[in-house]
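A quick write-up on the structure given underneath.
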Amino acid sequence: MSTLTNVAAGGRVAGRRRRTDGALLAPSVVLAGSAALLLVAVVLGVGVGAVSIAPWDTARILLGHAGLTVDVDPQQDAILWAIRLPRVVLGVLVGGALAVSGAALQGVFRNPLADPTIVGVASGASVGAVAAILFGFAGVIHGGLQGAAFCGGVVAVLVVYGLARHEGRTETVTLVLVGVAVTAIAGALVGLMIASADDEQLRDIVFWSLGSLGGATWPLVLATAPFVVIGVVAALTQTRALDLLALGEREAAHLGIEVERVRLLLVVALALATSAAVAAAGIVAFVGLIVPHLVRLVAGPSHRIVLPASLLAGGAVVALADLVARTVAAPVELPLGVVTALAGGPLFLWLVLRTRHAHGGWA
(Lines give C-alpha, C1' and ligand atoms only; values in the text may rest on other atoms or scores of the structure.)
Protein backbone atom coordinates (compact mmCIF):
# COMPACT_ATOMS: atom_id res chain seq x y z
CA MET A 1 0.00 0.00 0.00
CA SER A 2 2.97 2.31 0.56
CA THR A 3 3.70 2.26 -3.19
CA LEU A 4 0.15 3.38 -4.00
CA THR A 5 0.43 6.14 -1.40
CA ASN A 6 3.67 7.38 -2.92
CA VAL A 7 2.16 7.45 -6.40
CA ALA A 8 -0.89 9.31 -5.16
CA ALA A 9 1.34 11.86 -3.47
CA GLY A 10 2.68 12.78 -6.92
CA GLY A 11 4.74 15.94 -6.65
CA ARG A 12 5.86 15.38 -3.02
CA VAL A 13 7.89 12.32 -3.93
CA ALA A 14 8.91 13.34 -7.45
CA GLY A 15 12.34 14.53 -6.38
CA ARG A 16 13.13 11.41 -4.34
CA ARG A 17 11.97 9.07 -7.10
CA ARG A 18 13.76 10.79 -9.92
CA ARG A 19 16.74 8.46 -10.08
CA THR A 20 14.79 5.24 -9.59
CA ASP A 21 12.33 6.36 -12.29
CA GLY A 22 15.18 6.75 -14.75
CA ALA A 23 14.99 10.55 -14.98
CA LEU A 24 18.23 12.17 -16.06
CA LEU A 25 17.39 15.77 -15.14
CA ALA A 26 15.45 17.61 -12.46
CA PRO A 27 11.90 18.68 -13.45
CA SER A 28 12.79 22.37 -13.29
CA VAL A 29 15.73 21.78 -15.65
CA VAL A 30 13.53 19.85 -18.09
CA LEU A 31 10.88 22.57 -18.18
CA ALA A 32 13.45 25.36 -18.48
CA GLY A 33 15.28 23.50 -21.24
CA SER A 34 12.03 22.86 -23.15
CA ALA A 35 11.06 26.54 -22.85
CA ALA A 36 14.52 27.62 -24.03
CA LEU A 37 14.33 25.25 -27.00
CA LEU A 38 10.93 26.68 -27.93
CA LEU A 39 12.24 30.24 -27.68
CA VAL A 40 15.19 29.40 -29.94
CA ALA A 41 12.85 27.71 -32.44
CA VAL A 42 10.57 30.76 -32.57
CA VAL A 43 13.46 33.22 -32.98
CA LEU A 44 15.01 31.14 -35.76
CA GLY A 45 11.65 30.52 -37.40
CA VAL A 46 10.79 34.21 -37.75
CA GLY A 47 14.33 35.35 -38.51
CA VAL A 48 15.76 32.85 -41.00
CA GLY A 49 14.78 32.79 -44.64
CA ALA A 50 15.34 34.49 -47.98
CA VAL A 51 15.18 37.78 -46.06
CA SER A 52 17.00 37.58 -42.74
CA ILE A 53 15.48 39.41 -39.77
CA ALA A 54 17.65 39.97 -36.70
CA PRO A 55 16.16 39.28 -33.26
CA TRP A 56 16.25 42.98 -32.31
CA ASP A 57 14.43 43.86 -35.54
CA THR A 58 11.86 41.21 -34.69
CA ALA A 59 11.38 42.82 -31.29
CA ARG A 60 10.93 46.25 -32.87
CA ILE A 61 8.34 44.93 -35.32
CA LEU A 62 6.39 43.24 -32.53
CA LEU A 63 6.52 46.42 -30.44
CA GLY A 64 5.21 48.34 -33.44
CA HIS A 65 2.24 45.99 -33.76
CA ALA A 66 1.69 46.34 -30.03
CA GLY A 67 0.99 50.02 -30.55
CA LEU A 68 4.37 51.62 -29.85
CA THR A 69 5.94 54.06 -32.29
CA VAL A 70 9.15 52.52 -33.62
CA ASP A 71 11.05 52.67 -36.91
CA VAL A 72 10.88 49.38 -38.83
CA ASP A 73 11.69 48.19 -42.31
CA PRO A 74 8.34 47.87 -44.17
CA GLN A 75 9.55 44.81 -46.08
CA GLN A 76 10.68 43.03 -42.92
CA ASP A 77 7.45 44.06 -41.20
CA ALA A 78 5.33 42.56 -43.97
CA ILE A 79 7.34 39.33 -44.14
CA LEU A 80 7.42 38.75 -40.40
CA TRP A 81 3.87 39.72 -39.47
CA ALA A 82 1.96 38.36 -42.47
CA ILE A 83 4.01 35.28 -43.39
CA ARG A 84 6.54 33.99 -40.87
CA LEU A 85 4.98 34.73 -37.50
CA PRO A 86 1.59 33.09 -38.20
CA ARG A 87 3.46 30.13 -39.66
CA VAL A 88 5.65 29.75 -36.57
CA VAL A 89 2.73 30.21 -34.17
CA LEU A 90 0.67 27.64 -36.06
CA GLY A 91 3.62 25.23 -35.95
CA VAL A 92 3.90 25.68 -32.19
CA LEU A 93 0.17 25.04 -31.77
CA VAL A 94 0.26 21.95 -34.00
CA GLY A 95 3.37 20.50 -32.37
CA GLY A 96 2.11 21.19 -28.86
CA ALA A 97 -1.29 19.65 -29.59
CA LEU A 98 0.19 16.49 -31.11
CA ALA A 99 2.82 16.01 -28.38
CA VAL A 100 0.42 16.57 -25.46
CA SER A 101 -2.17 14.33 -27.09
CA GLY A 102 0.41 11.60 -27.60
CA ALA A 103 1.68 11.83 -24.01
CA ALA A 104 -1.81 11.81 -22.50
CA LEU A 105 -3.15 9.02 -24.71
CA GLN A 106 -0.13 6.87 -23.92
CA GLY A 107 -1.15 7.27 -20.29
CA VAL A 108 -4.83 6.63 -20.93
CA PHE A 109 -4.21 3.47 -22.93
CA ARG A 110 -1.10 2.44 -20.96
CA ASN A 111 0.49 1.81 -24.33
CA PRO A 112 3.85 3.34 -25.31
CA LEU A 113 2.88 3.10 -28.99
CA ALA A 114 -0.28 5.17 -28.56
CA ASP A 115 -0.48 8.47 -30.41
CA PRO A 116 -3.34 10.63 -31.69
CA THR A 117 -3.92 8.36 -34.67
CA ILE A 118 -4.96 5.47 -32.41
CA VAL A 119 -8.54 6.75 -32.14
CA GLY A 120 -8.93 7.46 -35.85
CA VAL A 121 -8.33 11.21 -35.85
CA ALA A 122 -5.84 11.34 -38.73
CA SER A 123 -7.74 8.90 -40.91
CA GLY A 124 -11.05 10.69 -40.36
CA ALA A 125 -9.44 14.05 -41.11
CA SER A 126 -7.97 12.56 -44.28
CA VAL A 127 -11.43 11.49 -45.45
CA GLY A 128 -12.77 14.99 -44.87
CA ALA A 129 -9.84 16.72 -46.55
CA VAL A 130 -9.78 14.44 -49.59
CA ALA A 131 -13.56 14.77 -49.98
CA ALA A 132 -13.22 18.57 -49.86
CA ILE A 133 -10.56 18.49 -52.58
CA LEU A 134 -12.37 15.96 -54.74
CA PHE A 135 -15.79 17.63 -54.64
CA GLY A 136 -14.40 21.10 -55.14
CA PHE A 137 -15.51 23.00 -52.05
CA ALA A 138 -11.95 23.23 -50.68
CA GLY A 139 -11.22 26.08 -53.06
CA VAL A 140 -14.71 27.58 -53.18
CA ILE A 141 -15.39 27.95 -49.44
CA HIS A 142 -12.82 29.87 -47.39
CA GLY A 143 -11.35 27.38 -44.94
CA GLY A 144 -13.34 24.58 -46.54
CA LEU A 145 -10.43 22.13 -46.56
CA GLN A 146 -9.57 22.72 -42.90
CA GLY A 147 -13.20 22.64 -41.85
CA ALA A 148 -13.86 19.36 -43.66
CA ALA A 149 -10.71 17.78 -42.20
CA PHE A 150 -11.64 18.92 -38.68
CA CYS A 151 -15.18 17.55 -38.99
CA GLY A 152 -13.86 14.27 -40.40
CA GLY A 153 -11.47 13.82 -37.47
CA VAL A 154 -14.12 14.59 -34.85
CA VAL A 155 -16.71 12.30 -36.48
CA ALA A 156 -14.19 9.45 -36.65
CA VAL A 157 -13.42 9.73 -32.94
CA LEU A 158 -17.11 9.87 -32.02
CA VAL A 159 -17.75 6.76 -34.11
CA VAL A 160 -14.82 4.93 -32.49
CA TYR A 161 -15.90 5.83 -28.97
CA GLY A 162 -19.56 5.11 -29.67
CA LEU A 163 -18.85 1.65 -31.08
CA ALA A 164 -16.40 0.81 -28.28
CA ARG A 165 -18.83 1.82 -25.52
CA HIS A 166 -20.92 -1.01 -24.03
CA GLU A 167 -23.26 -0.87 -21.06
CA GLY A 168 -22.01 2.52 -19.98
CA ARG A 169 -18.29 1.83 -20.14
CA THR A 170 -15.46 1.28 -22.59
CA GLU A 171 -12.54 -1.10 -22.44
CA THR A 172 -9.14 0.08 -23.58
CA VAL A 173 -8.54 -2.95 -25.78
CA THR A 174 -11.92 -2.56 -27.48
CA LEU A 175 -11.33 1.14 -28.05
CA VAL A 176 -7.96 0.47 -29.69
CA LEU A 177 -9.31 -2.36 -31.88
CA VAL A 178 -12.29 -0.29 -33.01
CA GLY A 179 -9.88 2.54 -33.77
CA VAL A 180 -7.84 0.20 -35.96
CA ALA A 181 -10.97 -0.92 -37.82
CA VAL A 182 -12.26 2.62 -38.38
CA THR A 183 -8.80 3.70 -39.56
CA ALA A 184 -8.80 0.87 -42.10
CA ILE A 185 -12.27 1.79 -43.35
CA ALA A 186 -11.30 5.45 -43.63
CA GLY A 187 -8.15 4.47 -45.53
CA ALA A 188 -10.27 2.49 -47.98
CA LEU A 189 -12.58 5.48 -48.51
CA VAL A 190 -9.59 7.72 -49.17
CA GLY A 191 -8.26 5.17 -51.66
CA LEU A 192 -11.58 5.09 -53.52
CA MET A 193 -11.68 8.89 -53.75
CA ILE A 194 -8.06 9.07 -54.90
CA ALA A 195 -8.80 6.55 -57.64
CA SER A 196 -11.36 8.94 -59.12
CA ALA A 197 -9.29 12.13 -58.74
CA ASP A 198 -7.69 13.98 -61.63
CA ASP A 199 -4.04 15.03 -61.77
CA GLU A 200 -4.54 18.43 -60.15
CA GLN A 201 -6.64 16.96 -57.36
CA LEU A 202 -4.04 14.24 -56.80
CA ARG A 203 -1.32 16.87 -56.35
CA ASP A 204 -3.47 18.72 -53.82
CA ILE A 205 -4.24 15.50 -51.94
CA VAL A 206 -0.59 14.45 -51.79
CA PHE A 207 0.51 17.94 -50.71
CA TRP A 208 -2.00 17.99 -47.84
CA SER A 209 -1.34 14.42 -46.73
CA LEU A 210 2.43 15.05 -46.44
CA GLY A 211 1.90 18.02 -44.14
CA SER A 212 2.71 21.70 -44.54
CA LEU A 213 2.42 25.02 -42.72
CA GLY A 214 2.52 26.92 -46.01
CA GLY A 215 -1.13 27.93 -45.72
CA ALA A 216 -0.73 29.54 -42.30
CA THR A 217 -2.65 32.78 -41.78
CA TRP A 218 -3.79 34.62 -38.67
CA PRO A 219 -7.43 33.52 -39.19
CA LEU A 220 -6.28 29.90 -39.37
CA VAL A 221 -4.19 30.36 -36.22
CA LEU A 222 -7.17 31.88 -34.40
CA ALA A 223 -9.43 29.05 -35.58
CA THR A 224 -6.97 26.38 -34.42
CA ALA A 225 -5.93 27.84 -31.06
CA PRO A 226 -9.18 27.36 -29.07
CA PHE A 227 -9.32 23.62 -29.77
CA VAL A 228 -5.65 23.18 -28.89
CA VAL A 229 -6.22 25.07 -25.63
CA ILE A 230 -9.20 22.83 -24.80
CA GLY A 231 -7.12 19.68 -25.27
CA VAL A 232 -4.09 20.98 -23.38
CA VAL A 233 -6.11 22.27 -20.42
CA ALA A 234 -8.08 19.03 -20.20
CA ALA A 235 -4.86 17.00 -20.15
CA LEU A 236 -3.16 19.24 -17.58
CA THR A 237 -6.11 18.92 -15.20
CA GLN A 238 -5.79 15.12 -15.24
CA THR A 239 -2.10 14.62 -14.46
CA ARG A 240 -2.77 12.82 -11.16
CA ALA A 241 -5.36 10.55 -12.81
CA LEU A 242 -2.91 9.67 -15.58
CA ASP A 243 -0.21 8.82 -13.04
CA LEU A 244 -2.59 6.53 -11.16
CA LEU A 245 -3.87 4.89 -14.35
CA ALA A 246 -0.33 3.58 -14.84
CA LEU A 247 -1.09 1.22 -11.93
CA GLY A 248 -4.10 -0.21 -13.74
CA GLU A 249 -7.74 0.80 -14.08
CA ARG A 250 -8.91 -1.17 -11.04
CA GLU A 251 -6.20 0.23 -8.81
CA ALA A 252 -6.88 3.76 -10.04
CA ALA A 253 -10.58 3.35 -9.30
CA HIS A 254 -9.76 2.17 -5.75
CA LEU A 255 -7.76 5.37 -5.29
CA GLY A 256 -10.76 7.52 -6.22
CA ILE A 257 -10.29 8.02 -9.97
CA GLU A 258 -13.45 7.91 -12.10
CA VAL A 259 -11.75 6.01 -14.90
CA GLU A 260 -14.56 6.19 -17.43
CA ARG A 261 -15.08 9.92 -16.94
CA VAL A 262 -11.35 10.62 -17.25
CA ARG A 263 -11.07 8.50 -20.39
CA LEU A 264 -14.08 10.16 -22.04
CA LEU A 265 -12.89 13.66 -21.15
CA LEU A 266 -9.37 13.11 -22.46
CA VAL A 267 -10.30 11.22 -25.62
CA VAL A 268 -12.88 13.84 -26.68
CA ALA A 269 -10.80 16.89 -25.71
CA LEU A 270 -7.61 15.57 -27.28
CA ALA A 271 -9.54 14.53 -30.38
CA LEU A 272 -10.65 18.14 -30.80
CA ALA A 273 -7.08 19.38 -30.40
CA THR A 274 -5.62 16.80 -32.76
CA SER A 275 -8.36 17.28 -35.36
CA ALA A 276 -7.68 21.01 -35.39
CA ALA A 277 -3.93 20.40 -35.71
CA VAL A 278 -4.30 17.91 -38.55
CA ALA A 279 -6.84 20.12 -40.30
CA ALA A 280 -4.44 23.06 -40.16
CA ALA A 281 -1.19 21.32 -41.14
CA GLY A 282 -2.04 17.93 -42.63
CA ILE A 283 -0.42 14.70 -41.45
CA VAL A 284 2.69 15.50 -39.38
CA ALA A 285 4.25 12.15 -38.54
CA PHE A 286 5.96 10.96 -35.36
CA VAL A 287 5.60 14.12 -33.25
CA GLY A 288 2.88 12.67 -31.02
CA LEU A 289 4.81 9.42 -30.62
CA ILE A 290 8.45 10.47 -30.26
CA VAL A 291 8.36 13.72 -28.27
CA PRO A 292 6.66 12.24 -25.17
CA HIS A 293 9.17 9.37 -25.11
CA LEU A 294 12.13 11.72 -25.31
CA VAL A 295 10.67 13.86 -22.52
CA ARG A 296 10.11 10.80 -20.31
CA LEU A 297 13.67 9.73 -20.99
CA VAL A 298 15.04 12.84 -19.30
CA ALA A 299 12.17 13.77 -16.94
CA GLY A 300 10.78 10.44 -15.73
CA PRO A 301 7.16 9.25 -15.94
CA SER A 302 5.31 11.90 -13.89
CA HIS A 303 2.66 13.50 -16.12
CA ARG A 304 2.91 16.66 -14.02
CA ILE A 305 6.22 17.24 -15.82
CA VAL A 306 5.76 15.18 -18.99
CA LEU A 307 2.69 17.05 -20.26
CA PRO A 308 3.95 20.66 -20.02
CA ALA A 309 7.41 19.65 -21.21
CA SER A 310 5.86 17.81 -24.17
CA LEU A 311 3.77 20.89 -24.96
CA LEU A 312 6.88 23.08 -25.15
CA ALA A 313 9.13 20.52 -26.85
CA GLY A 314 6.47 19.50 -29.37
CA GLY A 315 5.95 23.10 -30.44
CA ALA A 316 9.70 23.57 -30.77
CA VAL A 317 10.14 20.39 -32.81
CA VAL A 318 7.48 21.31 -35.38
CA ALA A 319 8.72 24.91 -35.63
CA LEU A 320 12.29 23.70 -36.24
CA ALA A 321 11.12 21.01 -38.67
CA ASP A 322 9.20 23.63 -40.64
CA LEU A 323 12.31 25.83 -40.70
CA VAL A 324 14.28 22.94 -42.20
CA ALA A 325 11.46 22.17 -44.65
CA ARG A 326 11.40 25.67 -46.13
CA THR A 327 15.15 26.44 -46.11
CA VAL A 328 17.18 23.28 -46.69
CA ALA A 329 16.21 23.01 -50.39
CA ALA A 330 15.12 26.61 -51.02
CA PRO A 331 13.36 27.79 -53.10
CA VAL A 332 11.70 24.35 -53.05
CA GLU A 333 9.77 23.62 -49.87
CA LEU A 334 9.92 20.08 -48.51
CA PRO A 335 6.78 18.52 -46.99
CA LEU A 336 6.72 19.01 -43.22
CA GLY A 337 5.61 15.43 -42.59
CA VAL A 338 8.58 14.12 -44.55
CA VAL A 339 11.01 16.11 -42.40
CA THR A 340 9.45 14.93 -39.11
CA ALA A 341 9.38 11.33 -40.35
CA LEU A 342 13.03 11.45 -41.45
CA ALA A 343 13.99 12.72 -38.01
CA GLY A 344 11.46 10.72 -35.99
CA GLY A 345 11.97 7.34 -37.62
CA PRO A 346 15.66 6.95 -36.66
CA LEU A 347 14.92 8.34 -33.17
CA PHE A 348 12.16 5.82 -32.67
CA LEU A 349 14.42 3.01 -33.86
CA TRP A 350 17.09 4.17 -31.40
CA LEU A 351 14.55 4.19 -28.57
CA VAL A 352 13.43 0.66 -29.45
CA LEU A 353 16.99 -0.69 -29.54
CA ARG A 354 17.92 1.19 -26.37
CA THR A 355 14.93 -0.22 -24.49
CA ARG A 356 15.60 -3.74 -25.70
CA HIS A 357 19.24 -3.48 -24.65
CA ALA A 358 18.36 -2.00 -21.24
CA HIS A 359 15.88 -4.79 -20.47
CA GLY A 360 17.76 -7.64 -22.13
CA GLY A 361 14.98 -8.34 -24.63
CA TRP A 362 11.19 -8.13 -24.66
CA ALA A 363 10.32 -11.35 -22.86
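When His293 is tested against (1) free of Cβ contacts under 8 Å to residues at least 24 places away in the same chain; (2) in contact with a Leu (Cβ under 9 Å, 6 or more places away or on another chain), exactly one condition is not met: (1).
Being modelled with pLDDT of 90 or more and either within 21 Å of the chain's Cα centre (by Cα) or on the phi > 0 side of the Ramachandran plot (or both): is that true of Gly211 here? The answer is yes for Gly211.
Just wondering, is there one or more residues in segment 153-173 that are over 18 Å from Arg203 (Cβ atoms) and touching a strand residue (DSSP E or B) at 6+ places or on another chain (Cβ under 9 Å)? Can you show your working first?
Looking only at segment 153-173, we keep the residues that are over 18 Å from Arg203 (Cβ atoms), and these are 153-173.
Going one step further and asking which of them are touching a strand residue (DSSP E or B) at 6+ places or on another chain (Cβ under 9 Å), we end up with 161, 164.
Taking every residue of segment 153-173 in turn, at least one turns out to be over 18 Å from Arg203 (Cβ atoms) and touching a strand residue (DSSP E or B) at 6+ places or on another chain (Cβ under 9 Å).
Counting only residues that are in contact with a Leu (Cβ under 8 Å, 6 or more places away or on another chain) and over 24 Å from Ala246 (Cα atoms), segment 154-180 holds 1 of them. Just a yes or no: is a residue in segment 91-112 hydrophobic (A, V, I, L, M, F, W, C) and part of a loop (DSSP other than H, G, I, E, B)? Checked against the condition, which is being hydrophobic (A, V, I, L, M, F, W, C) and part of a loop (DSSP other than H, G, I, E, B), segment 91-112 yields no hits at all. Being among the polar types (S, T, N, Q) and touching an Asp or Glu at 6+ places or on another chain (Cβ under 8 Å) holds for only one residue in Ser34, Ser101, and it is Ser101.
Test Thr340 against the stated conditions and say whether it is within 23 Å of Val48 (Cβ to Cβ) and under 13 Å from the mean Cα position of the chain (by Cα). Yes, satisfied. If you go through segment 205-213 one residue at a time, do you hit one that is in contact with a Lys or Arg (Cβ under 9 Å, 6 or more places away or on another chain) and aliphatic (A, V, I, L, M)? Checking segment 205-213: at least one residue is in contact with a Lys or Arg (Cβ under 9 Å, 6 or more places away or on another chain) and aliphatic (A, V, I, L, M). Taking the numbered list (1) within 22 Å of the chain's Cα centre (by Cα); (2) surrounded by 18 or more Cβ atoms within 10 Å (Cβ to Cβ); (3) under 30 Å from Arg261 (Cβ atoms); (4) not hydroxyl-bearing (Ser, Thr, Tyr) in turn, Leu158 passes all entries but (2). Name the single residue, out of those in segment 53-66 being in a loop (DSSP other than H, G, I, E, B) and in contact with a helix residue (DSSP H, G or I) (Cβ under 9 Å, 6 or more places away or on another chain), that is surrounded by the most Cβ atoms within 10 Å (Cβ to Cβ). Only one residue fits best here, namely Ile53.
Do we have any residue at all in segment 96-109 that's over 20 Å from Leu265 (Cα atoms), within 14 Å of the chain's Cα centre (by Cα) and modelled with pLDDT of 95 or more? Looking for residues that are over 20 Å from Leu265 (Cα atoms), within 14 Å of the chain's Cα centre (by Cα) and modelled with pLDDT of 95 or more, one finds none in segment 96-109, hence no.
One residue alone among Val306, Val267 is buried (at least 23 other Cβ atoms within 10 Å of the Cβ), of a type in the set (A, V, I, L, M, F, W, C) and modelled with pLDDT of 95 or more, and that residue is Val306. Modelled with pLDDT under 90, over 30 Å from Val332 (Cβ atoms), out of contact with any strand residue (DSSP E or B) (no Cβ under 8 Å at 6 or more places or on another chain) and buried (at least 18 other Cβ atoms within 10 Å of the Cβ): does that describe Ala14? Taking the combined requirement at face value, the residue satisfies it. Scan segment 175-209 for residues that are buried (at least 19 other Cβ atoms within 10 Å of the Cβ) and either of a type in the set (Lys, Arg) or assigned to a loop (DSSP other than H, G, I, E, B) (or both) and the total you get is 0. Meeting the requirement of 3 or more residues that are surrounded by fewer than 14 Cβ atoms within 10 Å (Cβ to Cβ), the helices (runs of 4 or more DSSP H) wholly within segment 217-263 are 218-236.
Put simply, of Leu158, Leu145 the only residue that is part of a helix (DSSP H, G or I), out of contact with any helix residue (DSSP H, G or I) (no Cβ under 6 Å at 6 or more places or on another chain) and modelled with pLDDT of 85 or more is Leu158. The condition (being part of a helix (DSSP H, G or I), among the small types (Gly, Ala, Ser) and at pLDDT 95 or above) is satisfied by just one residue among Ala82, Ala41, Ala78: Ala41.
With respect to the conditions (1) modelled with pLDDT under 95; (2) within 26 Å of Ala235 (Cβ to Cβ), Arg356 falls short on a single one, namely (2). Just so you know, in segment 67-91 the residues that are more than 25 Å from Gly214 (Cα to Cα) and loosely packed, with under 12 Cβ neighbours inside 10 Å include one that is nearest to the chain's Cα centre (by Cα), and it is Gly67.
The values are calculated or read from the model by the stated rules, or taken from the named source; none is laboratory data. What you see is a predicted model; the values in this text were computed from it and never measured. Using ideal geometry, Cβ is built from the backbone for each residue, glycine included, and neighbour counts are taken over all protein chains shown.
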